[in-house]
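**Q** First, the structure itself, so that you have it in front of you.
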Amino acid sequence: MLLTKSWQYRNVYSQGQRVRGKEFSLICLPNSAGHNRLGVSVHGVKLAVRRNRIKRIVREFFRQNREVITPASDVVFAVRSGFAYATPQEISLAVRKLLEDQAGRRIRG
């Protein structure tokens, strides 16, 4: 599932726990929906092609690694200012590192 409404993002930003990385910030907030929901915020990248590619890569990583994310959470990946466009592998590694920092454990794969 995805976060689709602006109030959902505002709720996560205002009440969630934040982990900052070099490329992304990860904000997590437990929810009552019973499953994880993902939001991707890509404001710092100028070209729409690059913004959309980053979103696709993060969504695919989330789909493949759903079991390692804290259950029943709203998760927002926000691109930090100064993000330099990277390969899909580099983006996946950055996302993996943030999730490891948030979860305090190693993700296999």
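The values are calculated or read from the model by the stated rules, or taken from the named source; none is laboratory data. All values derive from a computational prediction rather than experimental measurement. Every residue, glycine among them, receives a Cβ derived from its backbone with ideal geometry; neighbour counts consider all protein chains shown.
**Q** How many residues are touching a residue at least 40 places away in the same chain (Cβ under 8 Å), surrounded by fewer than 18 Cβ atoms within 10 Å (Cβ to Cβ) and assigned to a strand (DSSP E or B) if we restrict to region 18-27?
**A** Selection size over region 18-27: 3.
**Q** A further question follows. Those residues that are of a type in the set (A, V, I, L, M, F, W, C), outside any helix (DSSP H, G or I) and at pLDDT below 85, I need them from region 54-80; list them, please.
**A** From region 54-80, those of a type in the set (A, V, I, L, M, F, W, C) are 54, 57-58, 61-62, 68-69, 72, 75-79; that's our starting set.
Narrowing further to those that are outside any helix (DSSP H, G or I): 69, 72, 75-79.
Answer for region 54-80, where residues must be of a type in the set (A, V, I, L, M, F, W, C), outside any helix (DSSP H, G or I) and at pLDDT below 85: just Ile69.
**Q** Can you find a residue in region 28-43 that is loosely packed, with under 13 Cβ neighbours inside 10 Å, in contact (Cβ under 8 Å) with a residue 24 or more places away in the chain and within 23 Å of Phe83 (Cβ to Cβ)?
**A** Residues of region 28-43 that are loosely packed, with under 13 Cβ neighbours inside 10 Å, as a first pass: 32-35, 43.
With in contact (Cβ under 8 Å) with a residue 24 or more places away in the chain added as a condition, the list becomes 32-35, 43.
Adding the requirement that they be within 23 Å of Phe83 (Cβ to Cβ) leaves 43.
The answer is yes, given that some residue of region 28-43 is loosely packed, with under 13 Cβ neighbours inside 10 Å, in contact (Cβ under 8 Å) with a residue 24 or more places away in the chain and within 23 Å of Phe83 (Cβ to Cβ).
**Q** Condition first: basic (Lys, Arg) and either surrounded by 20 or more Cβ atoms within 10 Å (Cβ to Cβ) or modelled with pLDDT of 80 or more (or both). Now tell me which residues in region 81-109 satisfy that.
**A** Across region 81-109, the qualifying residues are Arg96, Lys97.
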